[in-house]
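The structure appears right after this line, and notes come after that.
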Amino acid sequence: MPSDISALSESRSRRVVVWLVPLLWTLGLGLWGLSRQDSVWRDEAATWQVAGRSAGEIWAMLANVDAVHGLYYLLMHCLFEAFGASTATLRLPSVLAVSATAACVALIGRRLAGFWAGLGGGLALGLLPAVQFYLQEGRPYALVAAGAGLSTLLLVSLLERGPDRRAWPRWAAYGITVLVCALLNWLSLLVLPAHAATLGWARAGRRVWLRWAAYGSVAVAGALPLILFSRGQSDQVSWIPPLGWPMLIGPGILLAIGGLGAWADRPGRSVRPDRKALSVAAVGLPLLAVPQLGLIGLSLVQPLFQDRYVLFSMVGLALLIGTALGAAVRACAPRLPRAAGLLVPGMVGVSVLALLPVELDKRAPASRIDDVLAVAGEVAGLKRDGDAVVFVPAARRDTALVSPGAFGGLADVALAASPAASATLKGEEADPARIRAALLGQRRVLLVTDAEKVAKPPSTERDRVKAAVLREHFAVVADRQVRGRRVTVYERLG
């Protein structure tokens, strides 16, 4: 009896360790260098400045722009109200979300392929380069990944139970999770065909198919109004280039790695003896491949291919990596039982060292295209009371919205209506003639724009007028370029 109690206690402790260690490990990776040397780039600046508005102002803005991120903005507004605006508040939700995703990966892996597969997959998730980038990102993609991990865990548990009438609360939780993910980013609905492939692979029964279809349809119906409305704001993604062969290199490599993981899982591990084995391959490979291929297919109709839109597919890759590690442990155990227990920790340690340059790079300001806080500091040092400021393009006004104190005393002479008043992200500017007249009435102007190596020619008449007036009637007296942004000080000729 004592030995049975001891074995039961050990089994319970392993069930906790298998998800708790990956959760804490990923949390540590996320907290490491969280502030990125006090830098915030343009995408995060959008989150920051919108979260600082009132709920009513956010709601009004969503009618014009960024409706697809509405739920996320409202969530961040609540967090900024509760904890204040900071890089920690901005990024901690993503850190916690990826940590929860790692726990889900570990639990799925343990259910389908054993302890070491679960532990290995959970630890591997936070080391994937794509995940490392969005682990510390003030945007909704990590939250979507957490939802995909949870919905997949729920589906696996439901397949284990079979057609149980008492399983409806889990089905309801599954549908709600898919719906919330869709409200954060409706491209996350690509998880549904991935799960359909898993059901087909596992030869799920008719009742399971019907319940999955019912709850999945409810989630799609709930997200449909957002999908239809946000399609009217499709000009927001007009900057995405058409799909080209170089874009397919990354997905091709990921699918190849996933295929190797699926091959390692080829014997499978049955969770119900009366069914075809529900293996990690049956869950992980569709979750990796279907969203990637689905986004490629959508991009043939309208350019949409950005890896962050299907970040949640990394859950599938982590599962497949975990099962490959679990297979290696099983192969090693008969001959070297002591070494087998060190295989997964050893491989994780080697991976950390091998990926150290990537890990350091993702936590440096240079990993992003620009830094709105750094250029705000330059403006604070160069400005004088009574100076004017202009932004080219107008979207570079984000630095003033995130750091208003640095722009105190400066007149934004091109601005006709503030972003909050105009219910937009960057505000409404005056017509070109008024901008020209306002600039000609200034003695000293600060121009905030992109650094020379990433700057594009002015694309609007307003921006061309700003550039022409400064070039023809002013002289450059100071010029600073820092982390992808540039501030140039002009003084009036004569």
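Sort Glu81, Glu472 from largest to smallest accessible area, using a 1.4 Å probe on the heavy atoms of the protein chains. Each step should come with its number before you reach the end.
Values: Glu81 135, Glu472 100 Å².
The ranking, largest first, comes out as Glu81, Glu472.
The 3J(HN,Hα) values that the Karplus relation (6.51, -1.76, 1.60; θ = phi - 60°) gives for region 287-294 are, in residue order, 5, 7, 7, 5, x, 5, 5, x Hz. Gly and Pro appear as x.
What size of dipole, in debye to the nearest 20, comes out for the chain about its Cα centre when the only charges are +1 on Lys and Arg C-beta atoms and -1 on Asp and Glu C-beta atoms? Each step should come with its number before you reach the end.
Numbers: 51 positive and 34 negative charges, 319 e Å.
Magnitude of the dipole: close to 1540 debye.
Please report the spacing between the Cα centers of region 418-494 and region 176-228 in Å, no decimals. Each part's Cα centre sits 47 Å from the other's. Computed from Cα atoms alone, the Kirkwood hydrodynamic radius reported for region 97-234 is 15.7 Å. Measure nothing but the geometry: give the 0 to 90° angle between the long axis through the Cα atoms of 115-125 and the longest principal axis through the Cα atoms of the chain, rounded to 10°. On a 0 to 90 degree scale, this one is about 10. The angle between the Cα long axis of helix 2-31 and the main principal axis of the chain comes to about 20°, on a 0 to 90 degree scale.
Please arrange His473, His195 by accessible surface area, largest first, computed with a 1.4 Å probe and ligands excluded.
Values: His473 55, His195 5 Å².
Ranked list, largest accessible area first: His473, His195.
Within region 417-488, the ratio Rg/Rh, alpha carbon atoms throughout and Rh by Kirkwood, equals 0.98. Dipole magnitude for region 375-452: about 220 debye, using +1 per Lys or Arg Cβ and -1 per Asp or Glu Cβ, origin at the Cα centre. When the surface is traced with a 1.4 Å probe over the full set of protein chains, Trp32 keeps roughly 100 Å² accessible. Straight Cα distances below 18 angstrom link Lys426 to the aspartates and glutamates Asp43, Glu44, Glu57, Asp66, Asp235, Asp370, Asp371, Asp398, Asp412, Asp450, Glu461, Asp463, with same-chain residues fewer than 8 positions distant left out. Could you tell me which residue out of Val208, Asn185, Gly297 lies farthest along the dipole of the chain toward its positive end? Charges go on the beta carbon: Lys and Arg +1, Asp and Glu -1, centred on the Cα centre. Going by the charge dipole, the pick is Val208. Taking 12 Å as the cut-off, the amide N atoms of region 410-431 that come nearer than this to a point 7 Å along the Cα-to-beta-carbon line of Ala63 belong to 422-424. Equivalent ellipsoid of region 29-177: semi-axes from √(5λ) of the C-alpha gyration tensor, largest first, are 32, 21, 10 Å.
Roughly what % of Cα-Cα distances in region 357-494 sit above 27 Å, to the whole percent?
Details: 1569 of 9453 pairs.
It works out to 17 percent of all Cα pairs.
Principal axis extents of the Cα atoms in the chain, from largest to smallest and rounded to whole angstrom, are 94, 46, 45. Helix 191-201 and the long axis of the chain differ in direction by around 20°, with both axes built from C-alpha atoms. Dipole of the chain computed with +1 at Lys/Arg Cβ and -1 at Asp/Glu Cβ about the Cα centre; of Pro241, Ala327, Gln37, farthest Cα towards the positive end is Ala327.
Using the empirical formula 2.2 N^0.38 Å as the baseline, the Cα radius of gyration of region 18-116 reaches a ratio of 1.32. Charged neighbours of Ser422, selected by a Cβ distance under 14 Å, balance to -2 (K, R count +1; D, E count -1).
What Kirkwood radius, in Å to one decimal, follows from the Cα pairs of region 346-388? Each step should come with its number before you reach the end.
Details: mean 1/r = 0.0744 Å⁻¹.
Value: 13.4 Å, from the Cα pair sum.
Out of all DSSP beta bridges in the chain, what portion is antiparallel? Express it as a percent rounded to 5. In the chain, approximately 70 percent of DSSP beta bridges are antiparallel ones. When the trypsin sites (Lys or Arg not before Pro) in region 96-205 are filtered for DSSP coil states and for at most 16 other beta-carbon atoms within 10 Å of their beta-carbon, the remaining sites are Arg203.
Is there a quick way to get the dipole size of region 1-149? I mean about its Cα centre, with the Cβ of Lys and Arg at +1 and of Asp and Glu at -1; what is the value in debye to the nearest 20?
On the way: 10 positive and 9 negative charges, 85 e Å.
With only Lys, Arg, Asp and Glu charged at Cβ, the dipole is about 400 debye.
Among the protein heavy atoms of the chain, carbon and sulfur supply 64% of the accessible surface, probe 1.4 Å, non-protein parts ignored.
The values are calculated or read from the model by the stated rules, or taken from the named source; none is laboratory data. This one's a predicted model, so the numbers in the text were calculated from it and none came from an experiment. Counting neighbours? That spans all protein chains shown, and the Cβs are built from the backbone with ideal geometry, glycine included. Only protein heavy atoms, including side chains, enter the accessible area calculation; ligands, DNA and RNA are left aside. Shrake-Rupley method; radii C 1.70, N 1.55, O 1.52, S 1.80 Å.
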